[in-house]
Structures are given as C-alpha cells and as structure tokens.
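Worksheet: the structure to be examined is printed underneath.
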Amino acid sequence: MILGIESSCDETAAAVVTDDGRVLSSVVASQDELHARYGGVVPEIASRRHLELVSPVVRQALGEAGVELSAIGRVAVTRGPGLVGALLVGLSAAKAIAWAHRLPLVPVDHLQGHVASLYLGDEPLEPPFLCLLASGGHTLLLAVRERGSFERLGSTLDDAAGEAFDKGARLLGLGYPGGAAIDRLARDGDPTAFAFPVARAPGLDFSFSGVKTALLYAVRDLSADELDARRADLAASYQHAIVQALVQRTRRAADRERLQRIAVVGGVAANSELRAALPDVSFAPLSLCTDNAAMIASAARYAEQLPYPDYLGLDVYASAA
Ligand code: KG4
Ligand code: ZN
C-alpha cells in the first residue's frame, strides 16, 4: 500500500492506494474559504494552514482506509510544480513519516499525478492517449504513450483555463474559486448572447487573455441593473469561448498525433459543458479531477522510489521541469 500526500497549492490531501490502483481512502481538506476573501490563494497563508492540517489529514486517511502505518510500503509526495512553501510542508511530512518507519519515498510530479488519476479504479485507462490537463495552474496537451511519462504538445501562453474561469468569476462577482460557480450560472444563460473570442494561439498552444479582456469590457459597458439581468448570459458565453478553445485544440492535437483516445484531467475537467462537448472522451471521476493525493499515490506506482534514507536532502521545485 502507498500513502500519498499532496500540498502543492491550497488543498491538503492524503490517500491510501493499493499497488493495483484501488483507492482505500482519499481525504482532501480544502482551504478555499480561507483564501476567498483575498480573491485567490495567498501562499504564506496556504503554507501555515498545510502545517496545521497535514498530520490530522494523514491520520484520517489511514483511519478511513483502516490501515496502520506499519502496513504502508512506501510514501509518495508531490515534489512540484506548485507553491514552494506549500510543497515543503507536504515533503517534510512525507520525509518524516518515511524516515521514522524506514520506508522508501517516491517524489511525484504534480502533473504526472493528474494524468495518473486515470489509472485508478475499476476501468483504468491504457496508453496511448491524448490528455488535456486543465487546472487552476496548468493547461497542457500531452501525448501519453506509456504510464509514467508524457510528451508535451502544447501549453498556455498566458493564463491557465481554470485561472481564466476564476478571473471571469471575479469579474461577474461570483467569488473564488469561480469555475464551478460559472458552470452553475451558465446553465441559465445563452452561450451565444455575447460573441467572446475563441483563443487562436499558434500551433497547439492556448491563450485566454483575450477572452478575459472581452468579458471585462462587456461588464464595464453594462449598468449595474443590466449586469444583474445578463449575468447568466455573460457566464454562459464566457464559458462557451473557453470550452470551445479547449475542445478545438484537443481535437487538433489528437488528429495530429494520430491518437484515437482522449482523456481530460484537472479541476476544469469537472466542467459540465466541456464534458458534454466531448462525449467520446474519458474523464477522471469528479473527486479525482481536482487536487487530491490518490492521484499522487497512483503516479508513484510508475515513478522511481528513493530508498531509506536517501531522500532526506530532497528539495521541492516551483515550476515544471
Ligand atoms: O486541479 P485543481 O484542483 O487545482 C490545480 O492544480 O490548479 O483545479 C482547480 C481549478 C480552479 O481554477 C477551478 O475554478 C476550476 O479548476 N474548476 C472548474 C470547475 N470546477 C473547478 N472550472 C470550470 N468548471 C468547473 N465545474
Ligand atoms: Zn492540480
């Protein structure tokens, strides 16, 4: 059994996963409410909260799985990319647990973790496939030809898709994080009411700054009453532009790479319009789309483990290698 720990952003998470990919427990303590008043994640506040939560969350994950630490074979932890202070809390906790129990440690790349969310459960996905990873921090098109690695085909030139959702939500007065709020509001709106630009970056890259600016101007041009009346239309049109950009690039990448199967992971994979627009595509289960530790433990099955005690000097990294 693998104990996974994730603390790269504002979720403190721990999970117990078996070597054959069964999730025995997956505990996620979200800090959303703590950061909402600032309209985004404040790194120092996130680090302090991780410090308070990491021990109880690990204990809860072991408790829900019904296992003792003595039954754990290795500890997996997110090493990066993410907020350095936040990552250090998870890595330090993982080192301490592994060291105290003389276990090996598996440092895991957060992006590999998101992809490995597809390898859990009863119907794990088999490579090769094209993967769209769309979260608050990343928007990537990946060619996955074997478990444990991927080739990067495209990325965002500015904001990540989730970030675009969050910034749009802020402009619409929906609070933080705003992806799910836009998703809900958009159901009552007309996606063709506003003609927001669908990003046209070269090749397989994304750009979301244009649509964000278009929303900003549309909101500015409306009176407070008009804004109230048209909020759902704005949300629906804005979401539509982002989803179309994601869908078009993803299809193009799959065609270009001759990959028949497509999968979507990351927080934005929870979006209902995206799911409806890609009916033939594999989506990770909702609970595994947003940041969690089960996906980190899953990725550890395909990553190199460091034997006790060779990991004590290990450091985190902030940006993708
Ligand atoms: O994967 P994740 O939990 O964290 C990162 O690694 O960034 O993704 C969080 C992002 C946020 O930007 C959030 O607004 C977005 O995923 N998100 C959504 C939905 N649910 C979460 N975006 C669009 N529609 C949703 N239903
Ligand atoms: Zn993530």
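Please report the net charge: other residues with Cβ closer than 12 Å to the Cβ of Asp280, K and R +1, D and E -1. Don't skip to the end; give the middle numbers.
Working: positive: Arg251, Arg261, Arg275; negative: none.
Around Asp280, the charge tally is +3.
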> Counting only residues 5 or more places away or on other chains, whose amide H sits under 5 Å from the amide H of Tyr311 once H atoms are built in the peptide plane?
Replying inline: none
> Between Glu52 and Asp221, what FRET efficiency comes out of the Förster formula 1/(1 + (r/R0)^6) with R0 = 41 Å and r the beta carbon distance, rounded to 0.05?
Replying inline: 0.40
> Top to bottom by accessible area (1.4 Å), largest first, where do Cys9, Cys131 land?
Replying inline: Cys9, Cys131
> What's the longest piece of the chain with no exposed trypsin sites (Lys or Arg not before Pro), counting a site as exposed if DSSP puts it in a loop and it has at most 16 other beta carbons within 10 Å?
Replying inline: 103-186
> Residue-wise, which Karplus ³J(HN,Hα) couplings in Hz belong to segment 302-319, taking 6.51 cos²θ - 1.76 cosθ + 1.60, θ = phi - 60°, and x for glycine or proline?
Replying inline: 10, 10, 6, 9, 9, x, 4, x, 5, 9, 5, x, 5, 10, 8, 9, 7, 10
> Using the alpha-carbon atoms, what tilt in degrees (0 to 90, nearest 10) does helix 84-100 show relative to the longest principal axis of the chain?
Replying inline: 20 degrees
>> At 7 Å along Cα-to-Cβ for each site, give me the label-to-label distance between Trp99 and Ala195 in nm.
In response: 6.2 nm
> How much FRET efficiency would the formula 1/(1 + (r/R0)^6) give for Glu123 and Arg145, where r is the Cβ-Cβ distance and R0 is 22 Å, rounded to 0.05?
Replying inline: 0.65
> Accessible area per residue of the chain at 1.4 Å probe, in Å²?
Replying inline: 43 Å²
> To the nearest 10 degrees, how steep is helix 161-171 against the longest Cα principal axis of the chain, on a 0 to 90 scale?
Replying inline: 50 degrees
> So for the pair Thr213, Ala36, with labels modelled 7 Å out along Cα→Cβ, what separation do we get in nm?
Replying inline: 3.2 nm
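Filter the GluC sites (Glu not before Pro) in segment 29-81 to those in DSSP coil with at most 12 other Cβ atoms within 10 Å of their Cβ, and list the result.
Working: sites: Glu33, Glu44, Glu52, Glu64, Glu68; in loops: Glu68.
Listed in order of number, the matching sites are Glu68.
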> Could you give the length gained on full extension between Leu69 and Ser272, defined as 0.36 nm per residue of separation minus the Cα-Cα distance, in nm?
Replying inline: 69.2 nm
>> In whole Hz and in residue order, list the ³J(HN,Hα) couplings for segment 13-23 that follow from phi through the Karplus curve 6.51 cos²θ - 1.76 cosθ + 1.60, θ = phi - 60°; x for Gly and Pro.
In response: 9, 9, 8, 10, 10, 7, 4, 9, x, 8, 8
> Does segment 207-321 come out rounded, prolate or oblate, given a ≥ b ≥ c as the square roots of the eigenvalues of its C-alpha gyration tensor, rounded meaning a/c under 1.5 and, failing that, prolate meaning a/b above b/c?
Replying inline: prolate
> Using alpha carbons only, how many degrees (0 to 90, rounded to 10) separate the axis of helix 43-65 from the longest principal axis of the chain?
Replying inline: 60 degrees
> Tell me, what is the 1.4 Å probe accessible area of Thr290, in Å² to the nearest 10?
Replying inline: 70 Å²
>> Quick check: the distance between the Cα centres of segment 31-100 and segment 202-251, to the nearest angstrom?
In response: 34 Å
>> Just to be sure I understand: of the beta bridges DSSP finds with both ends in segment 129-284, what percent are antiparallel, rounded to 5?
In response: 60 percent
>> Using the basic label-point model (7 angstrom from Cα toward the beta carbon), what is the Arg251 to Arg170 distance in nanometres?
In response: 3.2 nm
> How much length, in nm to one decimal, is gained on full extension between Glu304 and Ala320, taken as 0.36 nm per residue of separation minus their Cα-Cα distance?
Replying inline: 4.0 nm
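Rounded to the nearest percent, how much of the accessible area of the chain (1.4 Å probe, protein heavy atoms only) is carbon and sulfur? Intermediate values should be presented prior to the final figure.
Details: 6860 of 13740 Å².
Taking all protein chains in place, the chain shows 50 percent carbon and sulfur surface.
What does DSSP give for the chain in terms of the percent of beta bridges that are antiparallel, rounded to the nearest 5? Numbers along the way, then the final one.
Values: 24 of 40 bridges.
Percent antiparallel among DSSP bridges in the chain is about 60.
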> Using every alpha carbon pair in the chain, what percent of pairs falls into each 10 Å bin from 0 up to the bin containing the largest distance?
Replying inline: 6, 27, 32, 23, 9, 2, 0
> Once phi is turned into ³J(HN,Hα) by the Karplus curve 6.51 cos²θ - 1.76 cosθ + 1.60 with θ = phi - 60°, what whole-Hz value does each residue of segment 231-248 show in order, with x for glycine and proline?
Replying inline: 4, 5, 5, 4, 4, 5, 5, 5, 4, 4, 5, 5, 5, 4, 4, 5, 5, 4
>> Can you list residues from other chains, or at least 5 along the same chain, whose modelled amide H is less than 5 Å from the amide H of Thr156?
In response: Thr139, Phe206
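The values are calculated or read from the model by the stated rules, or taken from the named source; none is laboratory data. Just so it is clear, the structure is predicted and the values come from calculations on it, not from any experiment. Glycine gets a Cβ as well: all are built from the backbone with ideal geometry, and neighbour counts include every protein chain shown. Keep in mind that these areas ignore ligands, DNA and RNA; they rest on the heavy atoms of the full protein, side chains included. Shrake-Rupley method; radii C 1.70, N 1.55, O 1.52, S 1.80 Å.
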